[in-house]
Amino acid sequence: MADFSHLPTQCKFIAFMPQWDFLNFLAEQGRRYPGFHLETKTEATDLIEENGHVIGVRVTTPQGQREVRANLIVGADGRHSVIRQRAACPP
Ligand SMILES: Cc1cc2nc3c(=O)[nH]c(=O)nc-3n(C[C@H](O)[C@H](O)[C@H](O)COP(=O)(O)OP(=O)(O)OC[C@H]3O[C@@H](n4cnc5c(N)ncnc54)[C@H](O)[C@@H]3O)c2cc1C
């Protein structure tokens with residue numbers, strides 16, 4: 001299709017991968033790291049705030065609702081992001 005070999009990057013190619021394969025690929029690569037933990041079928045429903053700081057998220061899992069607390073919360077839940085809405089961050 002095109003010659004990418006001259007690009008000043010480490011990976012001089014473009015890879016095409018269906019999203020479902022890519023997500024599995026990311027999960028597999030992540031498992032190489034001891035601190036990696038992935039929870040599927042887990043929906044973020046709200047943010048937990050304490051003293052004006054976001055300190056976690058409320059999630060719904062097949063086992064029920066619970067809280068996940070962390071030093072850093074990254075919302076990456078797409079265009080209808082619940083996290084962005086709860087954080088009152090306009091796109
Ligand atoms: C039909 C279509 C065609 C497109 N074609 C192209 C294209 O050709 N090229 C291009 O560059 N872009 C394209 N886009 C845009 C591209 O898909 C988006 O810009 C991109 O996927 C956004 O990535 P994201 O990670 O922000 O969100 P997403 O890819 O939407 O990922 C969000 C993830 O969060 C999960 N999620 C959502 N809510 C929650 C919640 N409450 N709790 C837990 N998880 C949650 C979702 O299940 C999803 O897995 C297209 C979009 C559409 C709809």
Inside segment 76-91, can you point out the residues that are exposed (fewer than 10 other Cβ atoms within 10 Å of the Cβ) and within 16 Å of the chain's Cα centre (by Cα)?
-> Ala76, Gly78, Arg79, His80
From Ala2, Ala15, Ala27, grab the single residue that is surrounded by 10 or more Cβ atoms within 10 Å (Cβ to Cβ) and of a type in the set (A, V, I, L, M, F, W, C).
-> Ala27
Exception for Asn51 within (1) polar (S, T, N, Q); (2) away from the ligand (no atom under 15 Å from the Cβ); (3) within 18 Å of the chain's Cα centre (by Cα) falls at (3)
Of the residues in segment 26-48, those that are within 16 Å of the ligand (Cβ to nearest atom), in a loop (DSSP other than H, G, I, E, B) and in contact with a helix residue (DSSP H, G or I) (Cβ under 8 Å, 6 or more places away or on another chain) come to Leu38
In segment 1-25, residue nearest to Gln65 (Cα to Cα) [restricted to those that are more than 11 Å from the ligand (Cβ to nearest atom) and part of a helix (DSSP H, G or I)] | Asn24
Restricted to segment 37-67, and to residues that are surrounded by fewer than 14 Cβ atoms within 10 Å (Cβ to Cβ) and of a type in the set (Val, Ile, Thr), which residue is nearest to Leu26 (Cα to Cα)?
-> Thr40
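Laboratory data are not the source of any read-out in this text; all were calculated from the coordinates shown. Source: prediction; values computed, not measured. When we count neighbours, we look across all protein chains shown, and the Cβ atoms used for this are built from the backbone with ideal geometry, even at glycine.
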